[in-house]
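The block underneath contains the structure these notes are about, expressed in structure tokens.
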Amino acid sequence: MELAGQIDDLHKYYYLGNQVVKALRGVTAEFPGGDFVAIMGSSGSGKSTLLNVLGGLDRPTSGRYVIAGNDVSTLTDHELSAIRNKLIGFIFQSYNLISQFTVLENIRMPLSYRPDRPPMTREDIDWCTELALQVGLGDRLDHRPHQLSGGQQQRVAIARALVNGPAIILADEPTGNLDSSTSAEIIEILNRLNAEGRTIIMVTHEPEIAREAKRQIYMKDGLIAGDGIFPG
Amino acid sequence: MFQRFVRTLLYSFKSLLLHKLRAGLAVLGILIGVTAVIWLVALGEGVSYQAQQQIKELGATNIILKSVKPSASSSSGRSFIVEYGLTREDYDRILEGVPTIERAVPMREITSTVRAGTREADVNLIGCTAAWFDINSLSGARGRILTDRDIEERQNIAVIAAETAESLFGYEDPLGKTIEIAANNRVDVYLVVGQTKSRMPSASIGSSLEGRDYNQDVYIPLSTFRSRIGDQVVTSRTGSMEGELVELSQITVTVGDLSQVDDASDIIEILLEKYHGSKGDFSVTIPMELLKQAEMLRMMFNVLLVVIAGISLFVGGIGIMNIMLATVTERTREIGVRRAMGASQTDIIEQFLAETMVLSGLGGIAGVVCGFLCRPANFGVLWVIENWLPEIWRSLPPTIQQLQPIIAPWSIIAAFCISVGVGVVFGLYPARRAALMDPIEALRHE
Ligand SMILES: Nc1ncnc2c1ncn2[C@@H]1O[C@H](COP(=O)(O)OP(=O)(O)OP(=O)(O)O)[C@@H](O)[C@H]1O
Ligand SMILES: [Mg+2]
């Protein structure tokens with residue numbers, strides 16, 4: 001299967017004064033297309049850092065990262081931004097919706113950063129409405145984030161992540177702020193997306209959630225401590 | 001491309017509406033700056049327009065020669081009669097010596113007392129030719145003005161000015177009536193043949209030319225002046241006698257074209273100096289030179305005003321920058337989200353720059369609108385002073401009393417462009433700051 005992403009001896013250091021924080025200390029992994037990976041590990045082990053690098057939001061201190069055939073270290077800000085827009089959908093623990101925008105405006109926001117920045121068309125709006133419908137928010141298009149529950153906000157965030165039809169979805173503790181039944185609904189959506197062929201990489205603390213993924217990666221002190229297929 | 005630009009501006013407008021008061025204050029800062037530019041330039045233009053009108057009234061192709069009484073110390077002899085000024089010979093020499101001359105208009109003027117029946121008026125008695133009325137834009141209200149034939153016939157006729165007519169005849173028709181003009185201790189009777197329309201007095205221009213009130217004049221033919229009154233005029237003032245011997249008080253030379261003024265004035269000055277030496281008993285005024293000076297002055301004035309107004313726009317810009325910095329900090333998380341969704345640094349710069357441009361553009365438009373209130377505002381202020389503070393009103397120079405601001409189109413365009421420019425310049429730093437933010441830090445921002 002074609003690789004969605006590949007990392008090789010990835011290091012990420014933070015320099016705080018004369019102190020060095022080594023968030024990643026040589027991580028090597030491959031993510032085949034269509035994979036569903038759960039990244040686990042204790043707090044501060046470097047999960048979020050790894051995910052941010054994978055999403056092209058952060059650049060590693062050293063090491064190679066190839067995404068969809070592009071070596072990230074050679075890309076300009078503009079090219080990397082285009083990859084984030086086209087190829088990657090982000091889902092955050094704290095939803096990160098824009099509070100002054102309505103549900104529909106939030107969902108369609110990534111459309112304004114498409115290559116060549118084409119204007120919004122009727123079809124685009126229809127597509128956003130369709131996505132809202134798919135995540136069960138067809139009747140909330142004009143609501144603002146603060147009028148929605150956490151689970152609903154996370155669905156908006158998922159719809160937003162999907163609007164450009166990304167091949168990879170990166171989720172950093174997507175259920176971290178949700179109760180178990182809402183979490184289950186979110187995981188179900190992710191499962192469905194994975195079944196459609198999208199690669200999903202998800203950070204989570206909860207073993208029950210991680211069990212839903214096809215593969216689990218355990219991190220410890222900036223290194224991969226274990227990598228396995230569940231159930232296995 | 002254009003559509004996208006409009007879209008960006010619309011979005012900016014929308015996000016500015018989230019903080020109406022804050023945005024309003026930033027707009028106010030720019031508004032004041034833009035209004036200041038337009039108003040100050042309009043007032044400046046108004047003042048200089050007045051000056052230019054006055055100079056133009058003198059005629060740009062004219063050269064005005066006047067007899068000037070030399071200062072007392074240099075007056076020759078023990079005689080109480082002072083002889084000075086332009087002569088009829090000067091007049092002939094100028095007519096011959098200046099090749100580009102179109103005409104030269106001689107004039108003799110004294111102050112005198114005129115009587116009609118029991119009424120009496122102090123007037124300027126002017127001996128002149130028909131052309132005098134032309135070069136001073138004097139037209140007849142009743143009867144006629146003086147003609148070339150009157151000069152030849154040397155009769156005792158007079159044309160009187162509006163105020164003179166009023167003080168001598170009230171509201172009666174002065175035509176056909178007679179007036180008595182006293183000069184040199186004798187009285188002559190003149191027939192009134194016409195009355196001139198009243199005319200705005202010309203204000204003085206700098207120190208080179210005093211103002212002239214045309215409304216207390218009495219005009220008689222120059223030839224009559226010479227034969228009845230003569231060149232020598234003696235006035236007795238509280239016992240002592242005072243006299244002057246002057247052939248002509250003023251000669252107004254007109255040349256054909258603006259480009260000939262300089263040469264002609266040079267020739268005239270050389271000619272006159274040759275015969276008058278260093279007596280200093282004449283003056284040469286060149287309206288065109290004054291016009292140039294006034295133009296210079298206007299430009300300098302405008303530069304000064306623009307500097308002042310520029311400072312206020314600068315302050316407005318600082319206000320905008322302040323607000324944009326606050327906005328950027330406040331929306332750090334939004335910036336992070338947008339970056340994660342694929343916004344490049346350029347996109348972020350565009351977004352915030354568009355917001356500042358909307359702010360400053362709105363300020364600019366509002367400022368232009370307020371700029372147009374300049375005339376009503378000026379009128380209102382003057383009206384209030386005139387009606388409620390008459391003392392202050394009287395102490396104001398006529399230039400201020402009659403001030404009409406003139407809104408200069410260039411000032412509107414400049415003010416608006418500068419305001420948008422200020423927005424761009426002062427918005428650039430906050431926008432850049434937003435764009436260079438680390439997306440992850442931004443996403444983590446509380
Ligand atoms: N911007 C930063 N500056 C300095 N140190 C940082 C920065 N970001 C992360 N770190 C450090 O890097 C290490 C890894 O952080 P990371 O956020 O990846 O952990 P995590 O595994 O996601 O933890 P959690 O489960 O609590 O989210 C931590 O020790 C953290 O303190
Ligand atoms: Mg984390």
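The values are calculated or read from the model by the stated rules, or taken from the named source; none is laboratory data. Worth saying up front: this structure is predicted, and the values here are computed from it rather than measured. Note that we place each Cβ from the backbone using ideal geometry, even for glycine, and neighbour counts take in every protein chain shown.
Hey, does the range A:40-47 have a residue that's within 16 Å of ligand 2 (Cβ to nearest atom), within 14 Å of chain B (Cβ to nearest Cβ), at negative phi and surrounded by 14 or more Cβ atoms within 10 Å (Cβ to Cβ)?
Yes.
Yes/no matrix, rows are residues, columns are (1) at pLDDT below 95; (2) part of a helix (DSSP H, G or I):
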{"site": "A:PHE90", "(1), (2)": "no, no"}
{"site": "A:GLU105", "(1), (2)": "yes, yes"}
{"site": "A:ARG108", "(1), (2)": "yes, yes"}
{"site": "A:PRO119", "(1), (2)": "yes, no"}
{"site": "A:ASP126", "(1), (2)": "no, yes"}
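Is the range B:296-307 home to any residue that is within 30 Å of B:GLY361 (Cα to Cα) and of a type in the set (S, T, N, Q)?
Filtering the range B:296-307 for residues within 30 Å of B:GLY361 (Cα to Cα) gives B:298-307.
Imposing the further condition that a residue be of a type in the set (S, T, N, Q) reduces the set to B:302.
Looking through the range B:296-307, at least one residue is within 30 Å of B:GLY361 (Cα to Cα) and of a type in the set (S, T, N, Q).
Residues in the range A:6-22: is at least one away from ligand 1 (no atom under 16 Å from the Cβ), within 14 Å of another protein chain (Cβ to nearest Cβ) and over 20 Å from the mean Cα position of the chain (by Cα)?
Step one: filter the range A:6-22 for residues away from ligand 1 (no atom under 16 Å from the Cβ), giving A:6, A:8-9.
With the extra rule that they be within 14 Å of another protein chain (Cβ to nearest Cβ), the set shrinks to none.
No - not one qualifying residue is present in the range A:6-22.
Which condition number does A:SER48 fail, the rest of (1) closer than 12 Å to A:LEU170 by Cα; (2) more than 11 Å from ligand 1 (Cβ to nearest atom) being met?
All conditions pass for A:SER48, except number (2).
What are the residues in the range A:23-42 that are free of Cβ contacts under 8 Å to residues at least 60 places away in the same chain and within 12 Å of ligand 1 (Cβ to nearest atom), if any?
Quick first cut of the range A:23-42, residues free of Cβ contacts under 8 Å to residues at least 60 places away in the same chain only: A:30.
Selection gives nothing.
Tell me, yes or no, whether the range B:232-248 has at least one residue that is touching a helix residue (DSSP H, G or I) at 6+ places or on another chain (Cβ under 9 Å), at pLDDT 90 or above and in the same structural domain as B:VAL68 (by TED's automatic domain parsing).
Applying the first criterion (touching a helix residue (DSSP H, G or I) at 6+ places or on another chain (Cβ under 9 Å)) to the range B:232-248 yields B:247-248.
In the following step, the residues that additionally are at pLDDT 90 or above were identified as B:247-248.
Of the ones still in play, those that are also in the same structural domain as B:VAL68 (by TED's automatic domain parsing) are B:247-248.
Yes, the range B:232-248 contains at least one residue that is touching a helix residue (DSSP H, G or I) at 6+ places or on another chain (Cβ under 9 Å), at pLDDT 90 or above and in the same structural domain as B:VAL68 (by TED's automatic domain parsing).
Considering only residues that are at the interface with chain B (Cβ under 7 Å from one of its Cβ atoms) and under 15 Å from B:SER344 (Cα atoms), which ones fall in the range A:87-130?
Scanning the range A:87-130 gives A:MET109, A:PRO110, A:TYR113, A:ARG117.
Is it true that B:GLY44 is within 19 Å of the chain's Cα centre (by Cα) and in the same structural domain as B:ALA366 (by TED's automatic domain parsing)?
Working: within 19 Å of the chain's Cα centre (by Cα): yes; in the same structural domain as B:ALA366 (by TED's automatic domain parsing): yes.
Yes: the conditions hold for B:GLY44.
Which residues, taken from the range A:51-71, are within 16 Å of ligand 1 (Cβ to nearest atom) and in a strand (DSSP E or B)?
Result: A:SER62, A:GLY63, A:TYR65.
Could you please find all residues in the range B:6-49 being surrounded by fewer than 18 Cβ atoms within 10 Å (Cβ to Cβ) and either touching a helix residue (DSSP H, G or I) at 6+ places or on another chain (Cβ under 8 Å) or among the charged types (D, E, K, R) (or both)? Full working, then the answer.
Pass one, the range B:6-49, residues surrounded by fewer than 18 Cβ atoms within 10 Å (Cβ to Cβ): B:6-7, B:9-11, B:13-14, B:17-22, B:24-25, B:28, B:49.
If the condition is that a residue be surrounded by fewer than 18 Cβ atoms within 10 Å (Cβ to Cβ) and either touching a helix residue (DSSP H, G or I) at 6+ places or on another chain (Cβ under 8 Å) or among the charged types (D, E, K, R) (or both), then B:ARG7, B:LEU9, B:TYR11, B:PHE13, B:LYS14, B:LEU17, B:HIS19, B:LYS20, B:ARG22, B:LEU25, B:LEU28 are the ones that fit.
If the Cβ limit is 9 Å and pairs must be 6+ apart or interchain, which residue in the range A:89-102 that is farther than 22 Å from A:ASP142 by Cα pairs with which residue that is part of a loop (DSSP other than H, G, I, E, B) and of a type in the set (Val, Ile, Thr)?
A:GLY89/A:VAL163; A:GLN93/A:THR175
Condition check ((1) more than 25 Å from the chain's Cα centre (by Cα); (2) assigned to a helix (DSSP H, G or I); (3) more than 14 Å from chain A (Cβ to nearest Cβ)) across all residues:
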| position | (1), (2), (3) |
| --- | --- |
| B:GLU289 | no, yes, yes |
| B:LYS292 | no, yes, yes |
| B:VAL328 | yes, yes, yes |
| B:GLY336 | yes, yes, no |
